[in-house]
Structure formats: structure tokens, C-alpha cells
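Here's the structure, in C-alpha cells; my notes come after.
The values are calculated or read from the model by the stated rules, or taken from the named source; none is laboratory data. Because the structure is a prediction, the values reported are computed rather than measured. Keep in mind that these areas ignore ligands, DNA and RNA; they rest on the heavy atoms of the full protein, side chains included. Shrake-Rupley method; radii C 1.70, N 1.55, O 1.52, S 1.80 Å.
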Amino acid sequence: MSTQVPEQVEEESSADAEQQSAAQQSRMEKKRQNAAARESQEQAEAEEKASSEEDTYLLKVFRYDPEVAGKQEPRFDDFHVPYHKGMTVLDALMYARDHYDSSLTFRHSCRQAICGSDAMFVNGRQRLSCKTQLSDLEEPVRVEPLPHQEVVKDLVVDMEHFYDQMEAVEPYFQTNDLPEGEQLQSRENREKIKMSTRCIWCGACMSSCNIAAGDNQYLGPAAINKAYRFTMDEREGEEMKQHRLEILEQEHGVWRCQTQFSCTEVCPKDIPLTEHIQELKREAVKNNLKFW
Ligand code: SF4
Ligand code: FES
């Protein structure tokens, strides 16, 4: 049986009602705030979309076609390409080719920094066009073929010499020491050659190298890196290592490198090319030390 007097009951129920009303108001206020936040976010997104749809990038693209009269004189063509977030230089070139000039010529394939076919000279530096964001570049974006290579057409260069240099270092596994069973490689040795295996044959390093530009016979950073990959592979054995060092020690081999680091700076796969070349120089010296 309740012992409360009627006045007490009345006071408590009015306090409950006040509490409920305050809680309801706070819920309403929260809802209003959420709705306002949603609205302003939607507005910001709409503005961003509208502004990105309006944005364009100006590309100045090198043009040259030795087979068409009137296009044999090298020139730059301007293309205003509509920008969207995440657009790469390759995307922009494809847009220009598909919408403005179907004769614009350049190589590409994987579009994800794997095939190495779209190395170009963009704003004064060798880069993979599929890996280069437009938003990271200053406008106008100047796109040229790789320097120090013969231009075939527009942005396409002749890679024959580059492939010849790669071939000269015998870029494949060879050994005279085949074991009976499975041929294992130690974890440490795999770690040592790991970076050198990442080369995608894009030619950016060779194009950036002043020495290669002045000495057509210089093996060049990519080929020497490829040689490093096999010279340092413990599974090839000592005899093959000797053979590889003989190739690298020749007049136009490792000693031509003047440690300018330009190859290392432009390599899209972050291979420490200069370091590898220096290590091979040390191996070559050790190889020639004679103790009588
Ligand atoms: S070493 Fe680097 S820059 Fe040179 S060809 Fe290979 S991936 Fe390209
Ligand atoms: S398209 Fe293959 S590396 Fe760029």
C-alpha cells in the first residue's frame, strides 16, 4: 500500500513529464543536426561533381609523322581534356585520341604499371603515363616521346637498341651446376635480388642516362640491372658468375656509369639501379684482384 501523499505523487509525475519532454527535445535537436549535416554534405558533393565536370586540363602533345606530308615537321598540338578525379596522363591521351584526333599515336597496354609500354617524357621527366596522375602535374602538361631514342611517330619511339642492350647481357637463367633434385634458393639470396627482378623494360632509365645518350654502346642501367639479377643469383654458380662479370667489365659495361643517379630517380619500379651498378663494379674489382 502506498505511503505517498497526493501532493508528492503530483510533483513526481510532473518531474517525469519534464524529463520526457527534455529528452524528446534533445532527440529532435539531434535529428535536425543530422539532417543539416546530410544536406551540407550532399551540397558539397554536388558542387565537387559540378566543378570536376567543368575542369579541363591542357595537354601539349608532341606530334611527328614522317610518312604524312605536312606532318613531318615536329610540332606540339594542344588538347583540352575534361578532368575527372583520378585521371592519369594516359587517360587524358586516350580521351584526346578518341574524341579529338584519332591519328594521335602512343603505346599502352596494361594501364597498371606492369607492361612498361607507355614510358614518356612528361613535364620534363621520364614517367609511365598510366602511373602519373594529372593532378600531380603543373599545367600545361607537356607530353613528349622518351628523349635519346629515335621517334617513330608522335609519342612512339624505336626501342630496338634498348632491347639489343638487354639481350647483350643474356637475360635468362643459366647454370652449369644443376643439382640432382630441386634447385633451392636461400631466403637471403632471394631478398638480395628481389628489387632487380621488378624491371618492366620500360626504358625510362636508359632515356634519362647522359652516358647512354653519348655512348651508344654503353649497356645502360636496365641491362646492367638485369645482369645483376643473374650475377647475384646463387643458383647460377661460380662459373656462370665469372662469365657474366666478363660481359660487365668490358669497355662499355659497368665502368661507364658515372653515378649520376638519374636512372634511379626515374625508375617507376623504385629499383636502386645506381646501387646495383656500384655493387657490380666492386664484384668486378674483386674478380680481378690477383694475389701472388
Ligand atoms: S630499370 Fe626501371 S626504369 Fe629501367 S627499364 Fe626497368 S623498370 Fe624501367
Ligand atoms: S600501360 Fe602498361 S605500364 Fe603503363
- Query: Once the piece of chain linking residue 198 and residue 186 is laid out straight, how much longer is it, given 0.36 nm per residue of separation minus the C-alpha distance between them?
  - Reply: 2.5 nm
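Using a 1.4 Å probe on the protein chains only, how many percent of the accessible area of segment 76-205 belongs to carbon and sulfur?
On the way: 3210 of 6980 Å².
Summing carbon and sulfur atoms, their accessible area is 46 percent of the total for segment 76-205.
Considering only Cα-Cα distances, which of the following residue pairs are longer than 30 Å: 153/269; 153/226; 153/194; 192/290; 30/85; 153/281? Display every interim value, and only then the final one.
Values: 153/269 26 Å; 153/226 28 Å; 153/194 35 Å; 192/290 27 Å; 30/85 34 Å; 153/281 38 Å.
Too far apart for the 30 Å limit: 153/194; 30/85; 153/281.
Given only helices, namely DSSP H runs of n ≥ 4 each adding -39500 (n - 2.57), what is the per-residue ellipticity at 222 nm of the chain, to the nearest 500 deg cm²/dmol? Can you show the working numbers first?
Details: 10 runs with 130 residues, N = 292.
Theoretical 222 nm ellipticity from helices: -14000 deg cm²/dmol.
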- Any lysines with Cα under 28 Å of the residue 31 Cα? List them, leaving off those in the same chain fewer than 8 positions away. 49
- Which log10 I(q)/I(0) values, to two decimals, does segment 180-290 give at q = 0.22 Å⁻¹ under the Debye formula with one point per Cα? -1.23
- Under 5 Å between amide H atoms, partner at least 5 residues away or on a different chain: which partners does residue 88 have, H built in plane at 1.01 Å? 134
- accessible surface per residue for segment 56-157, probe 1.4 Å, DNA/RNA/ligands not counted, whole Å² -> 50
- Query: Based on the alpha carbon coordinates of segment 56-157, what radius of gyration and maximum Cα-Cα distance (Dmax) apply, in Å?
  - Reply: 12.7, 38
- At q = 0.12 Å⁻¹, base-10 log of I(q)/I(0) for the chain (Debye sum, equal scatterers on each alpha carbon): -0.88
- Message: How long are the semi-axes of the equivalent ellipsoid of segment 97-204, taking √(5λ) for every eigenvalue λ of the Cα gyration tensor, in whole Å from largest down?
- Response: 36, 17, 12
